[in-house]
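Okay, so here's the structure we're looking at.
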Amino acid sequence: MRQLLRALIGLAIILGLAAGGLYYYVQPAEPLDLNFSAISLRDELNHIMANRRLQVELSEREVDSLLKMALVTYPPQQKDIEITGARFRILNDHMIADANLLYRERWEIGATLHFTLDWKDPYLIATHTGTNIKQLQVPPGWFQLEPIRFAPNEHLPMPLAVRNIQFLERRVLVDLKVR
């Protein structure tokens with residue numbers, strides 16, 4: 001009986017240490033938020049007029065702000081998990097988001113979310129393709145986001161609309177047209 005009690009206490013200690021280690025492992029590496037800065041359309045229009053081309057180049061920082069705006073206005077639906085912060089990086093037509101997640105409104109998790117980028121008029125669509133927590137791959141059945149859709153035409157002055165979007169290394173080229 002005494003040996004059984006010792007074994008149960010030992011097992012409880014091991015499980016407690018494992019749970020504590022897991023909790024520490026999944027903690028976010030840095031604080032992230034969903035604050036975004038508005039892109040100055042006046043500067044972009046001045047750039048168009050100066051170059052006489054209906055093309056705008058968006059930096060990685062500007063795309064980060066646009067996607068954060070999309071997350072705030074149309075958050076992807078995932079049961080029990082909320083995105084509380086993110087930083088987006090572009091690698092051609094792929095995007096990586098360092099994200100802070102909140103599981104069941106209680107536990108913070110630092111994750112890396114992988115997306116593919118696509119332009120399907122009138123939306124810029126970021127489709128979630130995978131998640132990593134540190135070095136561990138999360139099975140798709142555990143965590144899968146709905147595609148993030150952003151309609152850039154809603155943020156352009158009336159005579160302009162997006163014709164095409166090209167994804168380049170760390171930037172995005174937006175070809176415009178007159179409606």
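If you go through the range 142-153 and pick out every residue that is exposed (fewer than 12 other Cβ atoms within 10 Å of the Cβ) and either touching a residue at least 24 places away in the same chain (Cβ under 8 Å) or hydroxyl-bearing (Ser, Thr, Tyr) (or both), you end up with 0.
Quick one: which residue in LEU156, LEU102, LEU168 is surrounded by fewer than 15 Cβ atoms within 10 Å (Cβ to Cβ) and among the hydrophobic types (A, V, I, L, M, F, W, C)? The match here is LEU168. HIS94 meets all of the listed conditions (1) over 13 Å from VAL26 (Cα atoms); (2) under 10 Å from the mean Cα position of the chain (by Cα) but one, namely (2). For the range 46-97, a tally of residues being in a helix (DSSP H, G or I) and under 23 Å from ASN35 (Cβ atoms) returns 14. Any idea which residue in the range 29-69 is farthest from ALA86 (Cα to Cα), counting only those that are exposed (fewer than 11 other Cβ atoms within 10 Å of the Cβ) and at pLDDT 80 or above? Looking at the filtered set, the residue picked out is ALA29. Looking at the range 134-141, can you tell me whether even one residue there is part of a strand (DSSP E or B) and either in contact with a Lys or Arg (Cβ under 6 Å, 6 or more places away or on another chain) or touching a residue at least 60 places away in the same chain (Cβ under 8 Å) (or both)? No, the range 134-141 contains no residue that is part of a strand (DSSP E or B) and either in contact with a Lys or Arg (Cβ under 6 Å, 6 or more places away or on another chain) or touching a residue at least 60 places away in the same chain (Cβ under 8 Å) (or both). Scanning the range 142-175 for residues that are in a loop (DSSP other than H, G, I, E, B) and under 21 Å from LEU71 (Cα atoms) yields a total of 9.
Kindly establish whether VAL26 is touching a residue at least 40 places away in the same chain (Cβ under 8 Å), surrounded by 10 or more Cβ atoms within 10 Å (Cβ to Cβ) and under 28 Å from LEU176 (Cβ atoms). No; evaluated as a whole, the condition is false for this residue.
With respect to the conditions (1) over 23 Å from THR129 (Cβ atoms); (2) at pLDDT 85 or above; (3) not acidic (Asp, Glu), THR84 lacks only one, and its number is (1).
The values are calculated or read from the model by the stated rules, or taken from the named source; none is laboratory data. Small disclaimer: the values here were computed from a predicted structure and weren't measured. Here Cβ is always computed from backbone atoms with ideal geometry, including for glycine, and neighbour counts include all displayed protein chains.
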